[in-house]
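Undergrad: The structure that follows is given in the form of structure tokens.
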Amino acid sequence: MYTALVSLLIGAVSGVIWTLLDLWKGWQMGIVLCVLVFMVSFFIISRVISRRIEPQFLAAQKQVQAGATRGAVQSLEALLPWARWQVLLKGQIYAQMGCLQYALGEDQAARESLTRAARRSAEAQLFLAALQVRQKEVDQAKKTLEDAIAFNKKQVLLYNTLAWIHLREGDREKATDVLLRAEKADKDSEATKDNINRVQNGKKLNMKRFGMSWYALKLENPPASMRQQPPGMPRRGFRQKRKGGKR
């Protein structure tokens, strides 16, 4: 990554100059100075780049809100060269691209992007798992969701989707186990509590509480009242609203 290399070069030069000038504590202080200058340089360069690319992310979001989803994908793709400079940026870009491509029905392109997405992106991993389910790769979908849960322990839609897949396969015991894990992770999730009650009483899961966060996965058809809602940019999480409107 260029930011780290440039920062290291600046730090190394600072340390070498300090040592050659034989200033206070010589080479020992030169090493300390190298590390400090590296950290400061890395922070400053990262901040500058963040300010450069943030308007482009906002522009892509506005394109989605205006219904120009394919244009938003192109805008995000244009940001990829910046990934050479910014830590974790590539995974973030591919995550958002993949979710939008999935919404457009471009499954092959979505899969290529989602497999490159950040593992910590719950949204991207959900879309990838949904795509795998639709392409008859159920075992891989389960693994994708379990891996995503390891990074996003509070995201109850991950658990509920995994439980939905287990129940779809006829494994009510594993579905129950997953939902109990979800309840332990977020005791305030009414959707999880409802689904635990349902699975224990031999009923299918009710995913309506998750709204378009669920229906966007294309594993179930949304009710008619929700079909006209425009797609949005991927969000940070899928936690249910708590009573009183708090999250």
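Undergrad: Among (1) modelled with pLDDT under 85; (2) of a type outside the set (Asp, Glu); (3) touching a Cys at 6+ places or on another chain (Cβ under 6 Å), which single condition is Ala12 missing?
TA: (1)
Undergrad: I've got another one for you. Return the residues of segment 71-123 that are within 16 Å of the chain's Cα centre (by Cα), farther than 17 Å from Tyr215 by Cβ and touching a residue at least 60 places away in the same chain (Cβ under 8 Å); say none if nothing qualifies.
TA: Residues satisfying the conditions are Val87, Ala95, Gln96, Ser121.
Here's the yes/no breakdown for (1) acidic (Asp, Glu); (2) closer than 28 Å to Leu157 by Cβ; (3) surrounded by 16 or more Cβ atoms within 10 Å (Cβ to Cβ):
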position	(1), (2), (3)
Val40	no, no, no
Val87	no, yes, no
Ile93	no, yes, yes
Gln108	no, yes, no
Arg120	no, yes, no
Phe127	no, yes, yes
Val133	no, yes, yes
Lys136	no, yes, no
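Undergrad: When you go through (1) modelled with pLDDT under 90; (2) in the same structural domain as Ile149 (by TED's automatic domain parsing) one by one for Gln125, which number turns out not to apply?
TA: Status for Gln125: all satisfied but (1).
Undergrad: What are the residues in segment 129-175 that are touching a residue at least 12 places away in the same chain (Cβ under 8 Å), within 18 Å of Ala118 (Cα to Cα) and small (Gly, Ala, Ser), if any?
TA: Hits for segment 129-175 are Ala129, Ala130, Ala141, Ala148.
Undergrad: Of all residues in segment 48-64, count the ones that are within 15 Å of Met97 (Cα to Cα) and not hydrophobic (A, V, I, L, M, F, W, C).
TA: Residues meeting the conditions: 4.
Undergrad: Related question: For segment 138-156, what are the residues that are in a helix (DSSP H, G or I), among the polar types (S, T, N, Q) and surrounded by 21 or more Cβ atoms within 10 Å (Cβ to Cβ)?
TA: The answer is Thr144, and nothing else.
The values are calculated or read from the model by the stated rules, or taken from the named source; none is laboratory data. It should be emphasised that the depicted structure is a prediction, and the values quoted were computed from it without experimental measurement. Backbone-built Cβ (ideal geometry, glycine too); neighbour counts: all protein chains shown.
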